[in-house]
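Structure first, then comments.
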Amino acid sequence: MPRALITGITGQDGSYLAELLLDKGYEVWGVVRRASTESYERIEHLRDRLHFAQADLLDQPSLTAALQQAEPDEVYNLAAQSFVPTSWTQPVLTAEFTAVGVTRLLEAIRQVNPAIRFYQASSSEMFGRVLETPQSEDTPFYPRSPYGVAKVYGHYITVNYRESYDLFACSGILFNHESPRRGLEFVTRKVTNGVARIKMGLDDHLTLGNLDARRDWGFAGDYVDAMWRMLQQDEPEDYVVATGETHTVERLVQLAFDHAGLDRDAHVRTDPSLIRPAEVDLLVGDPAKAKEKLGWEPSVDFEGLVRMMVDADLERLSGAGGATRG
């Protein structure tokens, strides 16, 4: 039975990845921090099938101990301070978790068992002010937020350890991927939850920032499959994971309101204060390498994703439950 250790297992991607690996017969370990407010909501339905090790990306000895305890064949580093607006208010903490934390984990792997296969969650935010469209594995990075800068560090330290120590270490440059398990602070979930609240009579309007920003949005359940495929290859390489299609926030809003049978013009307001200090206007990935080498294909299109998320929020708010299970 192969073993995997997932940092960030309580997050959106961690929960979907844990499901996938359990279905493939893995023994799955999750890294959790010792915190009184730790939330297991997204993995509650899996909890009795998982193992947990307490560790923190800010503390290398705890990571070393977690590796010694779990003895994994594969490590997936999904933990980070991953909300872009927060990276502006907490830039140093973002750097510690999202950048230097990767080094701590790689160094722990190098010391405990260099044969471990390592996956680093890189991000399309590294492209930032894009220098070419669509963005591929060869597109130069130009990050536009402390989060993007930290992710660039994490990406290149993974390359450095691969080349310097011959580790099987690779990065998935994932474009935006969403689901009913997405945090309420992210724009897709803010929209679908807001629409559901208006439909249920709990709110009468939804306030948003930049409606013109364009993103390449896919389904998180598809993207964790690409992560797993990367660690099954003969050689470690980095891959862009994306749909190759781009949509505006305005299109997202329109689809969500239409699906709920609501008039968006009657309920949507804009607030300039919600626009980022340095906005990323257009991100669209070129997934050709992932499709060719990994045999990966997204299974959920954008319209289907929006409908899925609106329906899940309506179900949750109606008291039917189960929305967090995607």
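Failed condition for Ser62, given (1) out of contact with any helix residue (DSSP H, G or I) (no Cβ under 8 Å at 6 or more places or on another chain); (2) buried (at least 16 other Cβ atoms within 10 Å of the Cβ); (3) of a type outside the set (D, E, K, R); (4) assigned to a loop (DSSP other than H, G, I, E, B), with all others met?
Just one mismatch for Ser62, condition (4).
Quick one: which of Pro61, Pro72, Pro114 is at pLDDT 95 or above, farther than 22 Å from Ser171 by Cβ and either over 20 Å from the mean Cα position of the chain (by Cα) or of a type in the set (Lys, Arg) (or both)?
On the way: Pro72 fails: farther than 22 Å from Ser171 by Cβ; Pro114 fails: farther than 22 Å from Ser171 by Cβ.
After applying the criteria, what remains is Pro61.
Return the only residue of Arg34, Arg104, Arg110 being of a type outside the set (Asp, Glu) and not in a helix (DSSP H, G or I). Show your work before the answer.
Numbers: Arg104 fails: not in a helix (DSSP H, G or I); Arg110 fails: not in a helix (DSSP H, G or I).
Every option except Arg34 fails the conditions.
Select from the stretch 177-220 the residues that are in a helix (DSSP H, G or I), within 14 Å of the chain's Cα centre (by Cα) and modelled with pLDDT of 95 or more and write down the one among them that is farthest from Met126 (Cα to Cα).
At the first step, the residues of the stretch 177-220 found to be in a helix (DSSP H, G or I) are 187-199, 220.
Those still in the list that are within 14 Å of the chain's Cα centre (by Cα) too: 187-189, 220.
From the residues that got through so far, the ones that are modelled with pLDDT of 95 or more too are 188-189, 220.
On the way: Thr188: 20, Arg189: 22, Ala220: 19 Å.
For the stretch 177-220, the residue satisfying everything is Arg189.
Does at least one position in the stretch 152-159 carry a residue that is buried (at least 21 other Cβ atoms within 10 Å of the Cβ), touching a strand residue (DSSP E or B) at 6+ places or on another chain (Cβ under 6 Å), modelled with pLDDT of 95 or more and of a type in the set (S, T, N, Q)?
Checked against the condition, which is being buried (at least 21 other Cβ atoms within 10 Å of the Cβ), touching a strand residue (DSSP E or B) at 6+ places or on another chain (Cβ under 6 Å), modelled with pLDDT of 95 or more and of a type in the set (S, T, N, Q), the stretch 152-159 yields at least one hit.
What are the pairs, 6+ residues apart or on separate chains, where a residue within the stretch 48-75 that is more than 19 Å from Trp228 (Cβ to Cβ) has its Cβ under 6 Å from a residue that is modelled with pLDDT under 95 and aromatic (Phe, Trp, Tyr)?
Leu57/Phe97
Among Tyr147, Tyr165, which is the only one that is among the aromatic types (Phe, Trp, Tyr), in contact (Cβ under 8 Å) with a residue 40 or more places away in the chain, surrounded by fewer than 21 Cβ atoms within 10 Å (Cβ to Cβ) and in the same structural domain as Ile43 (by TED's automatic domain parsing)? Working first, answer last.
Values: Tyr147 fails: surrounded by fewer than 21 Cβ atoms within 10 Å (Cβ to Cβ).
Result of the check over Tyr147, Tyr165: Tyr165.
When Cys170 is evaluated against the numbered criteria (1) in a strand (DSSP E or B); (2) surrounded by 23 or more Cβ atoms within 10 Å (Cβ to Cβ); (3) of a type in the set (A, V, I, L, M, F, W, C), which criterion, by number, is the only one it fails?
(2)
Is it the case that the stretch 83-95 has a residue that's in contact with a Leu (Cβ under 6 Å, 6 or more places away or on another chain) and farther than 19 Å from Gln12 by Cβ?
We begin by selecting, within the stretch 83-95, every residue in contact with a Leu (Cβ under 6 Å, 6 or more places away or on another chain); these are none.
No, the stretch 83-95 contains no residue that is in contact with a Leu (Cβ under 6 Å, 6 or more places away or on another chain) and farther than 19 Å from Gln12 by Cβ.
Quick check: anything in the stretch 79-91 in the same structural domain as Ile173 (by TED's automatic domain parsing), farther than 22 Å from Glu163 by Cα, of a type in the set (Gly, Ala, Ser) and in a helix (DSSP H, G or I)? Quick ask: steps written out before the conclusion?
Kept after step one, since they are in the same structural domain as Ile173 (by TED's automatic domain parsing), are these residues of the stretch 79-91: 79-91.
Next cut, farther than 22 Å from Glu163 by Cα only: 79-91.
Add one more test, that the residue is of a type in the set (Gly, Ala, Ser), and what stays is 79-80, 82, 87.
Add one more test, that the residue is in a helix (DSSP H, G or I), and what stays is 87.
There is at least one residue in the stretch 79-91 that is in the same structural domain as Ile173 (by TED's automatic domain parsing), farther than 22 Å from Glu163 by Cα, of a type in the set (Gly, Ala, Ser) and in a helix (DSSP H, G or I).
Just to be sure before I move on: is Ala256 outside the structural domain of Ile116 (by TED's automatic domain parsing), buried (at least 19 other Cβ atoms within 10 Å of the Cβ) and not in a loop (DSSP other than H, G, I, E, B) in the structure I sent? Even if it seems obvious, please write down each step before you answer.
Numbers: outside the structural domain of Ile116 (by TED's automatic domain parsing): yes; buried (at least 19 other Cβ atoms within 10 Å of the Cβ): yes; not in a loop (DSSP other than H, G, I, E, B): yes.
Taking the combined requirement at face value, the residue satisfies it.
Tell me, which residue of the stretch 259-293 that is part of a helix (DSSP H, G or I), more than 19 Å from the chain's Cα centre (by Cα) and at pLDDT 95 or above is surrounded by the fewest Cβ atoms within 10 Å (Cβ to Cβ)?
Filtering the stretch 259-293 down to residues part of a helix (DSSP H, G or I) leaves 259, 264-266, 272-274, 288-293.
Now restrict to residues that are more than 19 Å from the chain's Cα centre (by Cα): 259, 264-266, 272-274, 288-289, 291-293.
Narrowing further to those that are at pLDDT 95 or above: 259, 288-289, 291-293.
Details: His259: 19, Ala288: 14, Lys289: 17, Lys291: 16, Glu292: 9, Lys293: 14.
The selected residue is Glu292.
Being buried (at least 24 other Cβ atoms within 10 Å of the Cβ), in contact (Cβ under 8 Å) with a residue 24 or more places away in the chain and either β-branched (Val, Ile, Thr) or assigned by TED's automatic domain parsing to the domain that holds Leu105 (or both), is that true of even one residue in the stretch 19-28? Outline the logic, then answer.
The first filter runs over the stretch 19-28 and keeps only residues buried (at least 24 other Cβ atoms within 10 Å of the Cβ), leaving 28.
Within this subset, residues satisfying the condition of being in contact (Cβ under 8 Å) with a residue 24 or more places away in the chain are 28.
Then keep just the ones that are either β-branched (Val, Ile, Thr) or assigned by TED's automatic domain parsing to the domain that holds Leu105 (or both); that gives 28.
Taking every residue of the stretch 19-28 in turn, at least one turns out to be buried (at least 24 other Cβ atoms within 10 Å of the Cβ), in contact (Cβ under 8 Å) with a residue 24 or more places away in the chain and either β-branched (Val, Ile, Thr) or assigned by TED's automatic domain parsing to the domain that holds Leu105 (or both).
So which residues in the stretch 231-252 are under 23 Å from Val130 (Cβ atoms) and either among the acidic types (Asp, Glu) or in contact (Cβ under 8 Å) with a residue 60 or more places away in the chain (or both)?
Step one: of the stretch 231-252, the residues under 23 Å from Val130 (Cβ atoms) are 237-252.
Hits for the stretch 231-252 are Glu237, Asp238, Tyr239, Val240, Val241, Ala242, Thr243, Gly244, Glu245, Val249, Glu250, Leu252.
The values are calculated or read from the model by the stated rules, or taken from the named source; none is laboratory data. Worth saying up front: this structure is predicted, and the values here are computed from it rather than measured. Virtual Cβ from ideal backbone geometry, glycine too; neighbours counted across all protein chains shown.
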